[in-house]
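Following: one structure in structure tokens, then a few remarks.
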Amino acid sequence: MTFALQINGSARQFDTPRETSLLHLLRNDCGLNGPKYGCGLGQCGSCTVLVDGVAARSCVVPAHGVAGRHITTLEGLGTRAAPHPVQQAFIDAQAAQCGYCLNGMVMATVALLARVPDPTPKQVRAELSHNLCRCGTHLEILDAVQRAARLCAEDRP
Amino acid sequence: MRAEEAGLSRAAVRAADGVLLVLREVPPPPAPSPGQPPAVAGNPAEGPEVLLACWDDGSATGFVGHVDLGTGLRTALTQIVAEELDLAPAQVHMQMGNTASVPNQGATIASASIQIHAVPLRLAAAQARAWLQAHGGAAALAGRHVELQLDLQASTKPVEDYRLVGQSVPRVDIPAKVHGEVAFVHDMRVPGMLHGRVVRPPYAGLDAGEFVGNTLEGVDEGSIAHIPGVVAVVVQRDFVGVVAEREEMAEAAMAALAVRWKPWPGMPGVDQTEQALRAHPSTRRLLLEEGQVDQAIAGAAAHMPRTYVWPYQLHASIGPSCALAHWHGEAAATVATVWAGTQNPHVLRADLALLAGVADARIDLVRMEAAGCYGRNGADDVAADALLLSRAVGRPVRVQLTRAQETAWEPKGAAQLMQVDGGLNADGTPAAYDFQTSYPSNGAPTLALLLTRTVEPVAKAFEMGDRTAVPPYAYAHLRVAANDMAPLLRASWLRGVSALPNSFAHESYIDELASAAGIDPVDYRLRHLPDARAAELVRATAAKAGWKPHTAPQSQAADGDILKGQGFAYARYIHSKFPGFGAAWAAWVADVEVNQRTGEVHVRRVVVGQDAGLMVNPAGVQHQVHGNVLQTTSRALKERVEVEPATGVTLNREWGSYPLLSFREVPVVEVMLMPRPGEAPLGAGESASVPGTAAIANAIFDATGVRLRAPPFTPEVVRAALHQGQLPPPPPEPRPEAEAVVPAPATGLPADARLPRRKPLWAVALALVVGGAATVAGLAGWRSAIAPVARPALDTYSAATIERGRLLAAAGDCVVCHTAPSGQPNTGGRAMDTPFGTVYTTNLTPDPTTGIGAWSLAAFQRAMREGISRDGRHLYPAFPYTAFTKMTDDDLTALYAYLMAQPAVAHQPPATQLPFPFGLRPLLAGWNALNLEAGAWKPDIAQTPQWNRGAYLVNGVGHCGACHTPRDALGAERSGTAFLSGALIDGWEAPALTALSKAPVPWTADSLYAYLRHGHSREHGAATGPMAPVVQELAALPDADIRAMALYLASFQAPDAPVRPVATRTDMLPGPAQRLFENACGACHHDGDGPRLLGLNLPFALSTKLHSDRPDNLLRVMLEGVREAAGPQVGFMPGFADNLSDAQIALLSGYLRQRYAPDKPAWQDLASRTAALRTAR
């Protein structure tokens, strides 16, 4: 079926089967690597993208189901030359071991800070409570989120 | 930078100009080491191994046979090479794990990469630096090719001159990962790539026994004929895979492929870990015997035999394994290139070669990063799967394992049984320590080799239970033995392999001795710890943590039901085959809080000390320590593989049944790294995990006085231990939630409700007479065909009429029933299950032969009003003409105009053939006489125009009663109070829309409006199942019509319902059901204390599904998910049919009912109902 999406700011037309998940569309039809397949059940968060600025688990979203909406992936945040403050904060805090869950952690943080610019540690933990990490990088990630809040605040005029 | 040039194969490097290489001859094959993981000898035919290349632009490439498993090895090795060459880290590039270029250094295991395998690399760099210094630097390499043989006597830089090694540097791989660049094997793509999926056998997680590779009975390829883009179905013994052009098509084919399996013998009893290990045949291997153990035990003042049991655990990689293979063909020198996330590239290459029947060197294995696994997960298996599929289709194939496949089939971290015999002397010293450890060892041959029976599925005992089997304490009488045994479940090494369980026993036992002796546990350890470096670490860690010496459990009370405790443990990880090598020393102090009522254990703070000798990258070491602490806390508190008792099949297929430590549970971690710059660097990747579980168990003992000897320490385990032989304290009464005070439903319909009336008896009698005559006439062909006509010209009807028809079609949801799954809209073919048989819907498009293109308006009107097809045949009342008959002539005309204006699609849906007698269509004349009140709706002048509009839409074109009104024995909608009182349709419950609703909150005009307009209502839930497309269609209708329908339906609600509180149970004890809910569903469904995600999080306490008499709608949504959202706010939900068993769905739904509808009786037979709905689906 045909439908349109705004992906990282660009309007795109798609003609994909009805079964195509947003995750598969982003990875296979758009060649993006940020969102990762982790569980296919919305449990682990590694596939997180933003749909109109709200965190969404792209593995459980049929692509046509968000037709016409704005999708932001990790690639849409910043570049190596000009990283998004949240990306910069994760680099600064060295918040990855294997890094497979990193996409979800970053995207969930971006969504949280857009809603709550200065979250308490409890809010951060609640927001990330269903983003799984096997390596035990939680401490560095919590540090990265607090650092990201500061960097985002500095970025605001 | 030349060091980063892609595709630096060994041959290419050796042919390059402007380079200095340090080579070594292929080391001789390692001495045979029975019972150890397979090693593959280097092949001299591939030429000498290149360790290092220094390029004429000043850059350098290091070649390493090991891989970075997320521990920062790449960064640390970069530091080592840059240090010796006096380069900046940015000038150094590491080639890791690619078999075409790197030396064969075996598997990346046992934290040995820095300690052992970095040594030749460092020597090579030192040697190269000497050469470059002697020849005027890198510029001297221009146009030259220099090769040096590795000099094992090369003089390396003195430690005091280090400027990079020992400094904390950032990880080199994070920027690429944080920007979504190609980093993981999952991200690898090549032109022409296809997508593969495998279908695994039913014996999930078992890999030994004659049935392995012998259980496939047949594959019905026709079962996926309807899926487009399928390229191949590949079957080889029990290996089954599908290849498709698109990934979702491969997924669909995997799910739909009909595969028949023969019965196979299970492996019963593995769920009882201790008994299973005791009963399993083993070979005793005495590792150490000192003193007179038996006499010492016999003479002990207190005899203290103890048993400790470790569960099977998962590697639990967040990313299921993935690989890409490109089969180049038998004729090519390199028959295949395989991109894989393996831990052991050369061993895997040998496996792939064996599978393909070619020499090792003809396969290129390109190692890419994968999700952290801390041992061996499915990475090798999927590489072999990809090779088989690519070979079958001759194109590159990417294979992604599903979460369920990864979890069920990954080689588990093995269970373990540790038995200690010993005791105390009268003076409080240990009498003896007689330790035996039983480890169902592991090799986990690559799965495809077994499934294809390329290798025999024979369970081989490895000698791997001996890691850290010798306790660190000076027991005068000491015996240590390993009981080597073959694997039970498919298993392989997991972080701290066998050492972690062994240390759990050693460190629990010494704590038990201290307690029995009445001596502080740290003091007791120090009295018997001969290793001075260890003792220093123990003292420093205890001091850092503020250890409070104590001689009995402190059981410090805190708030409410909480008891606090502190526990200590120490271990030096001794890895590899006994006697092995010592890696870093580590000590833990864990502070825990135990809830006496619920059994929940919270690890509040961990202070961990570590002595890893010289630390190449101290920040990296600290990071690893953090990871070890959190992962071990997770393993200790939460993790256990569940198997089906009768078969041994792994039951965990998703995270709900195997939760990991959550961000909410993360403790404070304080790390103390011992500064030892003058000592050799020691493996730091695993050591800090080894003492962790004992520290937590010892802390729980300190808090409660209860000793736990079998992790995980889940709430139900702790609760049972705390309340042995007695019931736990009664929970408080369920407390109503203050904000959830809502009006309660009344039971009666309003007195003035305008219910459709039952036909009076005389009318029934008359109808029977008329109907009988009509049936006879019908059998004689009384209802005539209406002559076919040409499809009306497009300009016959005005645009306004056609538009009105479009809205009516939407209000009538024509497209919902007249479209087959994945069929074209309105072309018919959807199967409607009725009690009388399956009725297929017809083609509604204006195609003259297969659709209604030859229908005149009169024929259309007759069908809608009387249920007679154009050709005179009766239509089955699955087509709701008893409702459509109420439509006005104008509306029928508009609907006709709209349908005729749509594109004609030639498509012949299956013919409906009901069994006798229902197949006799003329009988429907009698049915109609009884049940059809033909003719347009007559407004009720006592009601408002809005009410009448609503009634017209609901009872006419909207035909709500078709689903929501129960039917009589003849399939006719019942009248009177049965009107819209709820019915079962197509395996779903269409709930009551009147005051008979079971919902905790009565419907109102507002909530009905919200539901019909937006697809959800806070007081009732979201429209799912067949209702979702109905709401989607209603989106076309103007607000006024939706309001009118809501107003009309609201007139069947009880007025002025009394207010009563809705209780949500807040006292449910934590356990498997609560965990399943929290971890399988909790990301979206929580009480406001979880993440904010796309879609709604409606309160379950008010959900109609949870308050119904039947669990059907809840079960179906759990099984099938929500793929079609009723409205843009609703959001989506995955179906759990492939990931949760009937028992798990039953557990979950029973829990939800109990928690959120506590005033309703428990649903019965949930598992069998789930099974029935699963089949019906």
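Once the chain from B:A41 to B:E679 is taken as fully extended at 0.36 nm per residue, the excess over their C-alpha distance is 226.5 nm.
Sparse packing (at most 15 other Cβ atoms within 10 Å of the Cβ) combined with a DSSP loop state is found for the following GluC sites (Glu not before Pro) in segment B:203-279: B:E210, B:E245. The GluC sites (Glu not before Pro) found in segment B:1-109 that occupy coil by DSSP, while having at most 13 further C-beta atoms within 10 Å, are B:E25. In a simple Cβ point-charge model (Lys, Arg +1; Asp, Glu -1; nothing else charged), segment B:2-168 has a dipole of about 160 debye relative to its Cα centre. Computed from phi, the 3J(HN,Hα) profile of segment B:447-455 under the Karplus parametrisation 6.51, -1.76, 1.60 (θ = phi - 60°) reads 4, 4, 5, 7, 5, 8, 6, 5, 10 Hz, with x in place of Gly and Pro. At an R0 of 51 angstrom, the distance between the Cβ atoms of B:A361 and B:A532 translates into a FRET efficiency of 0.55.
In order along segment B:478-488, the Karplus-derived 3J(HN,Hα) couplings, from 6.51 cos²θ - 1.76 cosθ + 1.60 at θ = phi - 60°, round to 9, 9, 10, 9, 10, 8, 6, 9, 5, x, 9 Hz, and Gly and Pro are given as x.
Choose one of B:M1, A:H64, B:H964: the residue whose Cα lies farthest towards the positive end of the charge dipole of the protein assembly as shown (beta-carbon charges +1 Lys, Arg; -1 Asp, Glu; about the Cα centre). Toward the positive end, the furthest listed residue is B:H964. Counted by Cβ distance under 13 Å from B:A142, the other residues give a net charge of -1, where Lys and Arg count +1 and Asp and Glu count -1. In chain B, the DSSP-assigned H stretches of four residues or longer account for a calculated mean residue ellipticity at 222 nm of -9000 deg cm²/dmol, using -39500 (n - 2.57) per stretch and the full residue count as denominator. DSSP bridge analysis restricted to segment B:2-168 gives an antiparallel fraction near 45%, rounded to the nearest 5. Distant-in-sequence amide contacts of B:Q416, defined by a placed amide H-H separation under 5 Å and a gap of 5 or more residues or a different chain, comprise B:W310.
Counting only DSSP beta bridges with both residues in chain B, the antiparallel share comes to about 75 percent.
Around the amide H of B:V669, modelled in the peptide plane, lie the amide H atoms of B:V606, all under 5 Å away and 5 or more residues distant in sequence or on another chain. When both bridge partners sit in the protein assembly as shown, DSSP labels roughly 75% of those beta bridges antiparallel.
Taking amide H atoms as placed 1.01 Å from N in the peptide plane, the amide H of B:L1096 lies under 5 Å from those of B:G1131, each 5 or more residues away in sequence or on another chain. The modelled label-to-label distance between A:T2 and B:L152, using points 7 Å beyond Cα along the C-beta direction, is 7.1 nm.
FRET efficiency for the pair B:V815 and A:E154, taken as 1/(1 + (r/R0)^6) with r the Cβ-Cβ distance and R0 = 41 Å, rounds to 0.20.
Efficiency by 1/(1 + (r/R0)^6): what FRET value for B:S9 and B:L1069, r their Cβ-Cβ distance, R0 = 41 Å, to the nearest 0.05? Taking R0 as 41 Å, the efficiency between B:S9 and B:L1069 is 0.10. Which entries in B:K564/B:K638; A:K122/B:K564; B:K544/B:K638; B:K938/B:K1160; B:K564/B:K1105 show an alpha-carbon gap greater than 31 Å? Among B:K564/B:K638; A:K122/B:K564; B:K544/B:K638; B:K938/B:K1160; B:K564/B:K1105, the Cα-Cα distance tops 31 Å for B:K938/B:K1160; B:K564/B:K1105.
Against the longest principal axis of chain A, how steep is helix A:102-115, in degrees 0 to 90 to the nearest 10, with axes from Cα atoms? Result, in degrees: 80. Across segment A:124-129, rounded Karplus estimates of 3J(HN,Hα) from the backbone phi angles (6.51 cos²θ - 1.76 cosθ + 1.60, θ = phi - 60°) give 4, 4, 5, 5, 9, 4 Hz, Gly and Pro being marked x.
Loop-located trypsin sites (Lys or Arg not before Pro) across segment A:34-125 with a Cβ neighbour count of 14 or fewer within 10 Å are A:R80, with loop assigned by DSSP.
The numbers here are math on the coordinates, done by the rules we state, and not lab data. As the structure is a prediction and not an experimental result, all values here were calculated from the model. Here the Cβ is made from the backbone with ideal geometry for all residues, glycine too, and neighbour counts use every protein chain on show.
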